[in-house]
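Colleague: This is the structure, below, for whatever I ask next.
Rule-based calculations on the coordinates, nothing more; no lab input. These numbers come from a predicted model, not from an experiment. Cβ: placed from backbone, ideal geometry, glycine included. Neighbour counts: every protein chain shown.
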Amino acid sequence: MTPLPFPEAEMDADAAERGRLLFAGETTFVKGVVAMDGLPPADRPEVCFAGRSNVGKSSLINALTGRRGLARSSNTPGRTQEINYFTAGDLYVVDLPGYGYANAPVKVVAGWQALMKSYLAGRPTLRRAFVLVDARHGIKPVDDEIMTLLDRSAVTFQAVLTKIDKIGTSDRDRTLGQVREKLAAHPAAYPELVATSSEKGHGIADLRGIIAGLD
Ligand SMILES: Nc1nc2c(ncn2[C@@H]2O[C@H](COP(=O)(O)OP(=O)(O)O)[C@@H](O)[C@H]2O)c(=O)[nH]1
Ligand SMILES: [Mg+2]
């Protein structure tokens, strides 16, 4: 695997090892949640993955845990509407319903979008939201809207570029410029980006290390 030209992608060996250990243990699917009162007790720290439908949330969770099929269940019809809880060590890892569906009827989507927003705005144990952004498309208005919600809720979020294997260096640089510019307007944005490919493995060890390093 060739290293990526991102200074952000560099991390120390300790952090990488902590991340490896966190996800080397057993990771399990806990439950799919369809309403706020179905959330598990807020008794441990959690991180979540948010992003437009098809951005690669489930693939990223599979790559982090090294279990191909783990988050696949959330791709089956019905599961995309749920908040899916997984465990990794002492953490909850949360796969959120996607947003920005182009073709789904507004009324059908509205319910689970409201759930996702309630979760993002009101989960006390949420340590960091990872907002996934397709490296080919950059930050869209619908992403900006979610980021503004996170600003207002004072939830620190970190942008994660996905599918980095699908673009070349010049497109990458253009996306990075666009993403950095957009993030600068969001006070809750963590300044460092992570560029990932669930397919090729880029950035996965880094993201594991970041998650393991949260307190
Ligand atoms: N080439 C490539 N394809 C990816 C990557 N991540 C996800 N995909 C593909 O993008 C599609 C949507 O991924 P999925 O994880 O289901 O997205 P979700 O709707 O956000 O959970 C699937 O066809 C994946 O195989 C990646 O890093 N590289
Ligand atoms: Mg999914």
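Colleague: Considering region 138-200, what Rg and Dmax in Å follow from its alpha-carbon atoms?
Modeller: Just the Cα atoms of region 138-200 yield Rg and Dmax of 12.1, 36 Å.
Colleague: Using the Kyte-Doolittle scale, find the helices of the chain whose mean hydropathy is at least -1.0 and whose Cα atoms extend 20 Å or more along the helix's long axis, counting only whole DSSP H runs.
Modeller: Helices passing the filter in the chain: 106-122.
Colleague: Could you work out the Kirkwood radius for the chain, taking every pair of different alpha carbons, averaging 1/r and inverting it, reported in Å?
Modeller: Values: mean 1/r = 0.0580 Å⁻¹.
Value: 17.2 Å, from the Cα pair sum.
Colleague: What number comes out for the charge environment of Cys48, summing +1 per Lys or Arg and -1 per Asp or Glu over other residues with Cβ under 14 Å away? List each step's numbers first, then the result.
Modeller: On the way: positive: Arg44, Lys57, Lys117, Arg123, Arg127, Arg128; negative: Glu46, Glu82, Asp95.
After counting each charged neighbour, the total is +3.
Colleague: Quick check for you: which residues of region 141-171 have the amide N under 19 Å from the point 7 Å beyond the Cα of Ser53 toward its beta carbon?
Modeller: Counting only backbone N, you get 141-146.
Colleague: Taking amide H positions as placed in the peptide plane 1.01 Å from N, state which residues far from Tyr99 in sequence (5 or more) or on other chains have amide H under 5 Å from it.
Modeller: For Tyr99, the qualifying residues are Gly51, Arg52, Ser53.
Colleague: Then there's this: Treating cross-link reach as a plain straight distance, find the lysines whose alpha-carbon is under 25 Å from the alpha-carbon of Lys200, omitting any fewer than eight places away in the same chain.
Modeller: Leaving aside lysines fewer than 8 places away in the same chain, those within reach of Lys200 are Lys57, Lys140, Lys163, Lys166.
Colleague: Continuing with this model, one more query. Over all directions, average the projected area of the Cα convex hull of region 102-171 and note it in nm². Numbers along the way, then the final one.
Modeller: Values: hull surface 23.4 nm².
If you wrap the Cα atoms of region 102-171 in a convex hull and average its projections, you get 5.9 nm².
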